[in-house]
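Below is one structure, written out as structure tokens; the observations come after it.
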Amino acid sequence: MRPAAATVLLGLAFIAVAASFDAEPLYVVGVAFVVLAGGAAAWVWFGVRGLTVERSVGAARVLEDRPVAVDVVVRSGPLGLPSGAIEDDLLPVAAPLPPGRRATRVRINARFARRGRKTLGPPHVVVRDPFGLAERVVVAREPAEVLVLPRLEPVESLAGDGAGAGLTARRSRTTVAAEVDLDGLRPLREGASASRIYWPALARGGELLERRLRAEGDTRPLVVLDPRAPAADDDLDAAVRAAGSLCVHLARAGGCALLLPGDRRPTALEPSLAGWSHLHVRLALVDARVGPHVAGLSARRGPVFYVAARATARPPRALAHAPGGGRIFVVPATLPGRRALVRVAGCMGYEVSPQHARMEVA
């Protein structure tokens, strides 16, 4: 039972006792309690008339641990702001209302430590009388939503080369490109570029042939994210941060591709980072239910960075059997007895392919 109603009942009880025993002093006490409770209810009723609560969020998307401004504005009715407090889930303690003003504003610098979609419950104002006997709650119209994006962290080489502008798994760019770009010969097609003509065949008196080249996207570094079966949510978040950081790092060094869970084909990311905002949003919403489609890794010729949320010492089979210029297994843990070649976002990267014993940071 609310205090105001209990006070009224107490006043009525005093009045009933006064009438039963003809104790006139109790009439004064009973009437005083009833008038006090009625005054408190009237105070609150008039206080909430015309009272409005509005909330605005400074950005719909924000990086992890970055502040975002949240403004809560309370406007009064014709009698000014009543006594009470502003309550919000983002406030450590309730903010008191300044009585008598026409409006007040509370700014909250909110920070979110975890990625994902965050729903902010609507703020509300609790209006109370000075004695705390009655109260009413005025709630904002609707909740707000903020998408928290995974933060990007530096990629650090542990192979003795220091930090650099671009990470790659190539020992000799020209040699690797020559090995993986040439995909055989075929008869010369009309209109083909002269740079593709295979001149040794013509010198031997044979027909004109042209070199068949593998698509460039097959040679660019590929980042694969496997979010399945993490030991803790922190491991999943670390793997997502590592995948995003590697993508941006490799894209700026010349371009890369990202294979997200559920996708059958990787998405290319150019040095201009066009399209990164869309991939960043998708990384923010990754969960541990679906894994990547890794069937295409067996034909991949370029470097592969397999980022797993599960800290295991055994790399996936698709990565172990993939050919090409380097295969790096990135996990949110330190593997005993193994020498890490790269560190990013709390994850360590280990070389899987035996033909490339080190990574270089160019």
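The values are calculated or read from the model by the stated rules, or taken from the named source; none is laboratory data. If you're wondering where the values come from, they're calculated on a predicted model, not measured in any experiment. For neighbour counting, all protein chains shown are included, and Cβ atoms are generated from backbone atoms with ideal geometry for every residue, glycine included.
Values for this structure:
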| quantity | calculated |
| --- | --- |
| Close pairs from segment 15-27: first in contact (Cβ under 8 Å) with a residue 12 or more places away in the chain, partner assigned to a helix (DSSP H, G or I) and exposed (fewer than 10 other Cβ atoms within 10 Å of the Cβ), Cβ under 8 Å, at least 6 apart | 18/24; 18/25 |
| Long-range neighbours under 9 Å by Cβ, at least six apart or interchain, first residue in the same structural domain as residue 86 (by TED's automatic domain parsing) within segment 54-72, second of a type in the set (Ser, Thr, Tyr) and loosely packed, with under 13 Cβ neighbours inside 10 Å | 61/277; 69/56; 70/56; 71/56; 72/56 |
| Elements of type strands (runs of 3 or more DSSP E) contained in segment 224-319, each with 1 or more residues being closer than 26 Å to residue 333 by Cβ, over 17 Å from the mean Cα position of the chain (by Cα) and in the same structural domain as residue 350 (by TED's automatic domain parsing) | 256-259, 304-308 |
| Some residue of segment 39-53 being among the hydroxyl-bearing types (Ser, Thr, Tyr), within 19 Å of residue 124 (Cβ to Cβ), crowded, with 18+ Cβ neighbours inside 10 Å and touching a residue at least 24 places away in the same chain (Cβ under 8 Å) | no |
| Qualifying position, being touching a helix residue (DSSP H, G or I) at 6+ places or on another chain (Cβ under 6 Å) and surrounded by fewer than 16 Cβ atoms within 10 Å (Cβ to Cβ), among 28, 17, 8 | 17 |
| Any pair with Cβ under 9 angstrom, 6 or more apart, that starts in segment 199-216 at a residue that is surrounded by 14 or more Cβ atoms within 10 Å (Cβ to Cβ) and at pLDDT 70 or above and ends at one that is among the hydroxyl-bearing types (Ser, Thr, Tyr) and in a loop (DSSP other than H, G, I, E, B) | 209/198; 210/193; 210/198 |
| Positions within segment 241-257 being modelled with pLDDT of 95 or more and closer than 17 Å to residue 293 by Cα, in sequence order | 243 |
| Residues that are over 23 Å from residue 131 (Cβ atoms) and of a type in the set (Gly, Ala, Ser), drawn from segment 19-39 | 19, 20, 23 |
| Flag for residue 56 being exposed (fewer than 13 other Cβ atoms within 10 Å of the Cβ) and touching a strand residue (DSSP E or B) at 6+ places or on another chain (Cβ under 6 Å) | yes |
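Each row is one residue, and each column tells you yes or no for (1) modelled with pLDDT of 95 or more; (2) charged (D, E, K, R); (3) farther than 17 Å from residue 64 by Cβ.
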{"site": "84", "(1), (2), (3)": "no, no, yes"}
{"site": "89", "(1), (2), (3)": "no, yes, yes"}
{"site": "93", "(1), (2), (3)": "no, no, yes"}
{"site": "98", "(1), (2), (3)": "no, no, yes"}
{"site": "101", "(1), (2), (3)": "no, yes, yes"}
{"site": "115", "(1), (2), (3)": "yes, yes, no"}
{"site": "120", "(1), (2), (3)": "no, no, no"}
{"site": "129", "(1), (2), (3)": "no, yes, yes"}
